[in-house]
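Peer 1: I'd like to ask you about the structure that follows.
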Amino acid sequence: VWNLRGVNTAAAGDLIAATGFFIKAVNCDTENPKYCAALAEHLMRRAMDHAAIDTWQRTIDLAPHNADYQFTFAKCLARLGRHKEALPHFAEASHLDAENGERVIAHGVALSMAGHHSDAITVLERAANSMARDATVVFHLGYVYQRAEKFDDAAEVYRT
């Protein structure tokens, strides 16, 4: 009930009150990853990423094989510039849902942001080969080539 009240209150625009309802939902059922994730996502919507980190970690502890939770936790960490910490969560999300291009792209970009350019290129080249007509993958591959200072490769990919 508290979780649903939080959802409805947030939809009505009262984000502060909604936060309290999401917290009550988590406190009533501390073992429910759905409630933890709802609170963490709500905190992120309020641009309270630092506050969301512990709640995301609790969510992952409760449901480590949920690709959505892994991916959103990784995005939260990345938004805070914590790219190296985000990497295992991006990797797990893309492993759990390898057909999801957005997750694979995010994993490749996060690898690059963490300074692992060759690994990022490998991930994105694989994605580009399997999703050849996806301009987003190709664009990000060019971006990673650029970050790795492989300008000729970047130019060729961008032309593609």
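The values are calculated or read from the model by the stated rules, or taken from the named source; none is laboratory data. Keep in mind that what you see is a predicted model, and the values were worked out from it rather than measured. Don't worry about glycine lacking a Cβ; one is built from the backbone with ideal geometry, like all the others, and counts go over all protein chains shown. The area values use the complete protein model at the heavy-atom level, side chains included, leaving out ligands, DNA and RNA. Shrake-Rupley method; radii C 1.70, N 1.55, O 1.52, S 1.80 Å.
Peer 1: Sort out which residues of the range 124-156 are among the β-branched types (Val, Ile, Thr) and within 18 Å of residue 113 (Cβ to Cβ), and write them in order of number.
Peer 2: Matches in the range 124-156: 136, 137, 144.
Peer 1: Condition test on residue 11, is it within 21 Å of the chain's Cα centre (by Cα), farther than 22 Å from residue 93 by Cα and either open to solvent by 80 Å² or more (accessible area, probe 1.4 Å) or hydroxyl-bearing (Ser, Thr, Tyr) (or both)?
Peer 2: So residue 11 fails the test.
Peer 1: Would you mind telling me which numbered condition in (1) under 30 Å from residue 130 (Cα atoms); (2) modelled with pLDDT of 95 or more residue 98 fails?
Peer 2: Residue 98 satisfies all of (1) under 30 Å from residue 130 (Cα atoms); (2) modelled with pLDDT of 95 or more except (2).
Peer 1: Taking the stated definitions as given, is residue 150 among the charged types (D, E, K, R) and either under 11 Å from the mean Cα position of the chain (by Cα) or within 30 Å of residue 55 (Cα to Cα) (or both)?
Peer 2: no
Peer 1: Do you know which of the residues in the range 122-139 that are among the aliphatic types (A, V, I, L, M) and touching a Gly at 6+ places or on another chain (Cβ under 8 Å) is surrounded by the fewest Cβ atoms within 10 Å (Cβ to Cβ)?
Peer 2: So, considering only residues that are among the aliphatic types (A, V, I, L, M) and touching a Gly at 6+ places or on another chain (Cβ under 8 Å), the one surrounded by the fewest Cβ atoms within 10 Å (Cβ to Cβ) is 131.
Peer 1: For the range 73-101, which residues satisfy the criterion of being among the aliphatic types (A, V, I, L, M), under 12 Å from residue 113 (Cα atoms) and open to solvent by 50 Å² or more (accessible area, probe 1.4 Å)?
Peer 2: none
Peer 1: On to the next question. Output the helices (runs of 4 or more DSSP H) that fall wholly within the range 5-113 and possess 2 or more residues being in contact with a Ser or Thr (Cβ under 6 Å, 6 or more places away or on another chain) and among the small types (Gly, Ala, Ser), or say none.
Peer 2: In the range 5-113, 15-28, 33-45 are the helices (runs of 4 or more DSSP H) which contain 2 or more residues that are in contact with a Ser or Thr (Cβ under 6 Å, 6 or more places away or on another chain) and among the small types (Gly, Ala, Ser).
Peer 1: Can I ask one more? Out of all the residues in the range 140-160, which are open to solvent by 70 Å² or more (accessible area, probe 1.4 Å) and not hydrophobic (A, V, I, L, M, F, W, C)?
Peer 2: 143, 146, 147, 149, 150, 152, 156, 158, 159, 160
Peer 1: Does residue 25 satisfy the condition of being among the small types (Gly, Ala, Ser), more than 23 Å from residue 124 (Cβ to Cβ) and surrounded by fewer than 16 Cβ atoms within 10 Å (Cβ to Cβ)?
Peer 2: Spelling it out, it is not the case that residue 25 is among the small types (Gly, Ala, Ser), more than 23 Å from residue 124 (Cβ to Cβ) and surrounded by fewer than 16 Cβ atoms within 10 Å (Cβ to Cβ).
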